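The values are calculated or read from the model by the stated rules, or taken from the named source; none is laboratory data. All figures in this text were calculated on a predicted structure; none of them were measured in a lab. Because the Cβ atoms are built from the backbone with ideal geometry, glycine has one as well, and the counts that use them run over all protein chains shown. Accessible surface areas use protein heavy atoms only, side chains included; no ligands, DNA or RNA. Shrake-Rupley method; radii C 1.70, N 1.55, O 1.52, S 1.80 Å.
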Amino acid sequence: MKSVVRAAATIAVGCALLPVTAAPSQAAPSQAAPSVRADCLTASEAHAFGRGEISVCPQGDGTYRAVGWVEDLLPGDGAFSGPDGGCVTWYLYAAKPWPETFTTMACPHFSGPAKVQINEVVKPTAPLTKAVLGTYWA
């Protein structure tokens, strides 16, 4: 009987010393920020007129998914002659000196929100090379 008790105690101690891990399917989800793909175009800018962040990723069919935000910091009164009559947007450039396209704009002086989220698909005529924050005179 003593040997049975001793064996059970040894097994119990051995099991108590084993590391406790959760199965992968039961593990808590990671709280780390998602990484940006290497083929994505990313930018973050802040100026007196506005600020924002953007990530533009190719989707493989000639289109790009643009995700981010833009904020107009000088909403003005909508008069082009005033302190700021322009909307704030991300200009997306391809291999030429002028913008290929632009994203959703923040236009609070035209009854829009001062900060807008961007989540859209754009289809440029050439591969995109950079994103620049700027104003658009709507």
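Does segment 41-57 contain any residue that is at pLDDT below 85 and open to solvent by 90 Å² or more (accessible area, probe 1.4 Å)?
Checked against the condition, which is being at pLDDT below 85 and open to solvent by 90 Å² or more (accessible area, probe 1.4 Å), segment 41-57 yields no hits at all.
Of all residue pairs spaced 6 or more apart or on separate chains, those with beta-carbon atoms under 9 Å, a first member in segment 96-110 that is within 18 Å of P75 (Cα to Cα) and a second member that is open to solvent by 70 Å² or more (accessible area, probe 1.4 Å) and among the basic types (K, R) are A106/K115; P108/K115.
Being in contact with a Lys or Arg (Cβ under 8 Å, 6 or more places away or on another chain), modelled with pLDDT under 95, of a type outside the set (D, E) and not in a loop (DSSP other than H, G, I, E, B), is that true of even one residue in segment 65-87? No, that holds for no residue.
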